[in-house]
Amino acid sequence: MAKKIDLEKGKLSIEDDIEFVFEKIVTKFGTGAKADVPKKYIGRKVYVMVQK
């Protein structure tokens with residue numbers, strides 16, 4: 001599985017076998033924070049991108 005991630009001049013390019021992309025709001029959880037994802041992705045690698 002070849003993967004390529006480039007960040008150049010503020011533009012992100014990801015070439016990989018991506019199954020699904022979704023957007024969530026980060027919420028408070030104890031002394032930290034979390035973003036809920038569907039159960040079917042437990043144990044899978046994910047990409048988290050934080051916007052300014």
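Rule-based calculations on the coordinates, nothing more; no lab input. Note that this is a predicted model, so its numbers are computed, not measured. Methodologically, a virtual Cβ is constructed for each residue, glycine included, from the backbone with ideal geometry; neighbour enumeration extends over all protein chains shown.
Observations on the structure shown:
- Of all lysines in the structure, the ones whose alpha carbon falls short of 29 Å from that of Lys9, not counting any fewer than 8 places away in one chain, are Lys24, Lys34, Lys45, Lys52.
- Which of Phe29, Tyr47, Leu12, positive extreme of dipole for the chain (C-beta unit charges): Phe29
- Overall form of the chain per C-alpha gyration tensor (a/c, 1.5; a/b vs b/c): oblate
- The relative contact order of the chain, computed from alpha carbon pairs under 8 Å that lie at least 6 residues apart in sequence, is 19 percent.
- Cβ-Cβ distance of Glu19 and Lys52, R₀ of 30 Å, FRET efficiency by 1/(1 + (r/R0)^6): the value works out to about 0.65.
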